[in-house]
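Computed from the coordinates by the stated procedures, all read-outs in this text should not be read as laboratory data. Note that the structure is a prediction, hence the values are computed from the model and not measured. In this analysis, Cβ positions are derived from the backbone assuming ideal geometry, glycine residues included, and neighbour counts consider all displayed protein chains.
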Amino acid sequence: MNEYIKNLTGLTDNLIKFSPKFKDSERIKVIQAVPSSQSVHHQFERMTHNEVYLRQSYPSACPHCGRLMRKNGFKTVYLKGLDIAGLPTILVVEKQKYICPRQKGCPELTTDLARIHGIDKNHQILDKVKQQALLALTEKRSVKDISANLHISEGTVNRLFPQLAPQFKANYKFLPPVIAFDDFSSGKFAATQMSMALMNPQTHELLDIIESRNSYALRKYFYRYDFHARAKVKLVIVDLYQPYRTIVRDLFPNALIVADRFHIIAQAYRAVNQIRIQTMKAVKESNPALSRALKRYWRYVLKDRTDLDWQSFRRYRVFGGAQLTEVELTDRLTNASEELLGAYNYYQASLHAMHNRNIKSLEALLTIKLTALPQPLRKTQRTLRNHQNEIKRSFETFYSNGPLEGTNNLIKVIKRIAFGYRSFYNFRLRILLVAKNPHFKIKLRDKKGHPRRAA
């Protein structure tokens, strides 16, 4: 068989040839779908498909006596190959049957069947097709779509996951000097319904997925690593969840904690939005137009002031048709109450400090008394005070959980596409596949981890 046909069908066997029963023009046929009232040899006869007629025959020695075995006819098998011209392809292969009768030097009757490189014994799907399925699993696609596109069953795709496990086995003798972990909603897999993603923020590589974020699960996972590996970790980037501090100090004796700046801004964001809603409801009776403006133009109140347009004018009916820039509009909205104005100024000051990594601006924020702030912002101020050293450290290191937050969004997409997972084992593998884990390579192996041999 020439290289063109090998690439076309996905076969890797150099001995297989076209069946001599068919003429050159009939060796590859398009077969129309068989009606449901008629019997079929294989499931693809129910749909329009290609059929390629092949024969596998070669001299074979008896495993007992070493003599050449007699050829004893053929057995026809149907194998699923790579699609051709958008249609499923069936390889109709005549496999040579062999027999070695009982004779001197051969104590028993021996039979055998010709084998084909590129497919396992007693399997009907070529390894090339399975490799296509593995490559498809690295994309944001559901198993159902992959199986439909490759014309294989969903069970076939799901059975590929155990082959991937050795590729994603963690190296418990090494951890990068900087690690980051963040929780995400995983559903029923954990008691808290939250799992943990572990990343190398220097290379943005997702290292692993931990089943639960509780103290027991985290300690059980990280204690698998050698003490020397954990001792080499210098920085740990985490969010503001307080229990993580004790765990990090116990597990990584030489590591410093870096607080993620995003969660500080998120706290202030939620507090300002809460005060905006309170103000909107408070002025609803006295000034309905201002209340509607606070509801309609909420984005300007929560937007970074440096991103507001101060040059272009626009007419706003809620303010009597006045032509205002975005800066002027925001000033009118925030002046609706002293509480909203104070919260807005605090929020903008925190944005300036975090975005510009300005320690002086952060220290100025820390001097504000709690009683001078609206009630929703006091929690944010306490958080700043409790984690000020970790926040300052984030200004110096330039590391954050930003890449990990993006991975969390990717995990949400994977869950939504699949309509959920029943097995954390498969869920973890799919996340690491789509997130392009650095340890993964497309290479099929058997159950013992050895490269797969020919069938």
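At-a-glance table
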{"item": "For region 86-130, the spread of Cα positions along each principal axis, largest first, Å", "result": "54, 17, 12"}
{"item": "Antiparallel bridges, percent of DSSP beta bridges restricted to region 1-96 (to nearest 5)", "result": "70 percent"}
{"item": "Equivalent ellipsoid semi-axes - Cα gyration tensor, region 3-117, angstrom", "result": "33, 16, 11"}
{"item": "Computed Kirkwood radius, in angstrom, where 1/r is averaged over Cα pairs of region 107-152", "result": "12.8 Å"}
{"item": "Which of H228, H151, H204 has the fewest Cβ neighbours within 10 Å, and the rest in rising order", "result": "H228, H204, H151"}
{"item": "For T383, T192, order by how many other beta-carbon atoms lie within 10 Å, fewest first", "result": "T192, T383"}
{"item": "11 Å beta-carbon shell around F252, net charge (K/R +1, D/E -1)", "result": "+3"}
{"item": "Distance violations [Cα-Cα > 32 Å] among K17/K436; K303/K379; K144/K169; K71/K144", "result": "K17/K436; K71/K144"}
{"item": "Distance cut-off 26 Å, percentage of C-alpha pairs in region 262-397 lying past it", "result": "27 percent"}
{"item": "Sorted by Cβ neighbour density within 10 Å, fewest at the top, the residues T9, T76", "result": "T76, T9"}
{"item": "Sequence ranges 57-70, 269-282, ranked by mean other-Cβ count within 10 angstrom, highest first", "result": "269-282, 57-70"}
{"item": "Three semi-axes of the equivalent ellipsoid, region 76-221, Cα gyration tensor, whole Å, largest first", "result": "45, 22, 14"}
{"item": "Net +/- balance of residues flanking L370 in space, Cβ distance below 15 Å, scoring K and R +1, D and E -1", "result": "+4"}
{"item": "Reachable aspartates and glutamates from K188, criterion Cα separation under 17 angstrom, eight or more residues apart if same chain", "result": "E211"}
{"item": "For I31, residues with placed amide H under 5 Å, excluding near neighbours", "result": "H49, N50, E51"}
{"item": "Long-range tail of P(r) for the chain (Cα pairs > 31 Å, %)", "result": "62 percent"}
{"item": "Over the chain: helical MRE at 222 nm, DSSP H runs n ≥ 4 each giving -39500 (n - 2.57), nearest 500", "result": "-11500 deg cm²/dmol"}
{"item": "Helix 261-282 vs. the chain, principal-axis angle (Cα, 0 to 90°, nearest 10)", "result": "60 degrees"}
{"item": "Beta bridges per DSSP with both ends in the chain, % antiparallel, nearest 5", "result": "70 percent"}
{"item": "Mean separation of Cα contacts under 8 Å (6+ apart) over length of the chain, as relative contact order %", "result": "14 percent"}
{"item": "Equivalent ellipsoid semi-axes, region 360-435, via Cα gyration tensor eigenvalues times 5, rooted, Å", "result": "39, 17, 9"}
{"item": "Total formal charge among the other residues, if their Cβ is under 14 angstrom from that of E45, Lys/Arg +1 and Asp/Glu -1", "result": "+2"}
